[in-house]
Amino acid sequence: MYRTLEKPPAREGLVITPRDAAIILGAYRYRFLTTDQVQMLTGTTSRTKLNDRLRELWGADFLDRPELQRDRFAYADKRPTVHALGSRGAAWLTDNHNIRFPKAVDWRAKNKNIKSGEFIRHTLGVTGTMLTAERDINAVPGLRLVDRAEVWTVSPRYNERVLKPYELATQIAWRDAPPVRRNTVPDYTFGIADTRDGQPKKGLFFLEYDRMTEDLVKSSATQSSILQKYLGYADAYERKIPQELYGYNRFRVLFVIEGDQRRIDSMMAVYKAHAANNIPAGALLYTTTEKLQAEGFLAPIWQTAKGETATLVTSAQE
């Protein structure tokens, strides 16, 4: 069935509820959410009532629905409805959460001008991964997911004027070529706070969601590839950029693969051939979306770049 996007008229007197607030914040944090993801985010049991409310929020411009989904997902086996932040939603965030946006941003135009279906699919993969992470981490007493906004606002380098606080100012050095400035931009940045043994600990994580569309190695290390990510994070590790920027002593990069073990093996081979001397194998962890969905974020589903099994946090007794 072809997907239609007929926006309903705005309902007068619409009052934002706590659930609405969570949805609007979710659209801001993750950029795109499907209705399934909104249901997971809010814990809503009635899908019918949720669909009705999402349409009301859309009609009132608190949310938007990118038009690109009409073409990209209309004939897919799974046809998710994709939600994004709307203009009134952005204004509500400014008024109620002091979140500032550039004055020139037109959210409806911003959502309408999306040209890449791959961009939407990739972003939804990041959203699903982070929702799973938050659910599983916060379910353990003494553990808490620290969202990237908090990572930045409590950091020693916090400055509200910084426009891109989640970009790492890295340099790429490969073979005999001189280092080239190329920022490393994780798909998502977050922390885990652990107070289970009475001595607070924290760890920093950078998410890289892989849909197997990115080349493993390019002829130039300045071109986007898995190797470029390795070298960027290696520079961040060597120069302690996350420590200076966010105040965390160490970090790990989580590669979540929308594929199988063969892709992970190929990524490990690139590490061993080109980056093993630049960054420790334990700083790079890999798993698949299938394992993540089946066993959970904190299960021993992760592999280091050397293929060793790993977990993200140790038990409280260790």
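The values are calculated or read from the model by the stated rules, or taken from the named source; none is laboratory data. Note that the coordinates shown come from a computational prediction; the quantities given were computed from them, not determined experimentally. Glycine also receives a Cβ, built like all others from the backbone with ideal geometry; neighbour counts cover every protein chain displayed. Protein only, heavy atoms only, side chains kept; ligands, DNA and RNA dropped before computing areas. Shrake-Rupley method; radii C 1.70, N 1.55, O 1.52, S 1.80 Å.
In order along region 182-198, the phi-based Karplus estimate (6.51 cos²θ - 1.76 cosθ + 1.60, θ = phi - 60°) of 3J(HN,Hα) comes to 8, 4, 9, 10, x, 5, 7, 10, 7, x, 10, 9, 10, 10, 5, 9, x Hz; Gly and Pro are listed as x. Accessible surface area normalised per residue over region 267-318 is 48 Å², counting heavy atoms of protein chains with a 1.4 Å rolling probe.
Remark: the chain carries a charge dipole of roughly 620 debye about the Cα centre, counting +1 on each Lys and Arg Cβ and -1 on each Asp and Glu Cβ.
Which of LYS7/LYS103; LYS110/LYS240; LYS7/LYS49; LYS164/LYS218; LYS7/LYS291 have a Cα-Cα distance over 29 Å? Over 29 Å Cα-Cα: LYS110/LYS240; LYS7/LYS291.
Placing unit charges on each Cβ (+1 for Lys and Arg, -1 for Asp and Glu) gives the chain a dipole about its Cα centre, and among ALA193, ALA299, ALA91 the Cα reaching farthest toward its positive end belongs to ALA91. In a shell of Cβ-Cβ distance under 9 Å around THR44, excluding THR44 itself, what net charge do Lys and Arg (+1) and Asp and Glu (-1) give? Net of charged neighbours comes to +4. Assuming charge only on the beta carbon of Lys and Arg (+1) and of Asp and Glu (-1), the dipole of region 154-286 about its Cα centre is about 300 debye to the nearest 20. Taking only the alpha carbons of the chain, we obtain Rg and Dmax values of 20.4, 65 Å in that order.
What does the charge add up to near SER225, with Lys and Arg as +1, Asp and Glu as -1, over the other residues with Cβ less than 9 Å from its Cβ? Taking every Cβ under 9 Å from that of SER225, the sum is 0.
Charges were assigned to the Cβ only: +1 to each Lys and Arg, -1 to each Asp and Glu. The resulting dipole of region 24-138 about its Cα centre is roughly 200 debye.
Each residue of region 265-272 is assigned a 3J(HN,Hα), and the resulting list reads 4, 5, 5, 5, 4, 5, 4, 5 Hz, derived from the Karplus form 6.51 cos²θ - 1.76 cosθ + 1.60 (θ = phi - 60°), x at Gly and Pro. Computed with a 1.4 Å probe over protein heavy atoms only, the accessible surface of region 94-145 comes to 58 Å² per residue.
In percent, rounded to a whole number, the relative contact order of region 6-156 is 25, using alpha-carbon pairs under 8 Å and six or more apart.
Counted by Cβ distance under 15 Å from ALA283, the other residues give a net charge of +3, where Lys and Arg count +1 and Asp and Glu count -1. Of the residues VAL253, VAL38, VAL217, the one that moves most in a GNM of the chain with alpha-carbon contacts below 10 Å is VAL217.
Among the protein heavy atoms of the chain, carbon and sulfur supply 48% of the accessible surface, probe 1.4 Å, non-protein parts ignored. Name the most mobile residue of ILE137, ILE172, ILE114, meaning the one with the largest mean-square fluctuation, in a Gaussian network model of the chain with Cα contacts below 10 Å. Its mean-square fluctuation being the largest, the pick is ILE114.
Between ASP95, ASP36, ASP61, the Gaussian network model of the chain with springs among Cα atoms under 10 angstrom shows the greatest mean-square fluctuation at ASP95.
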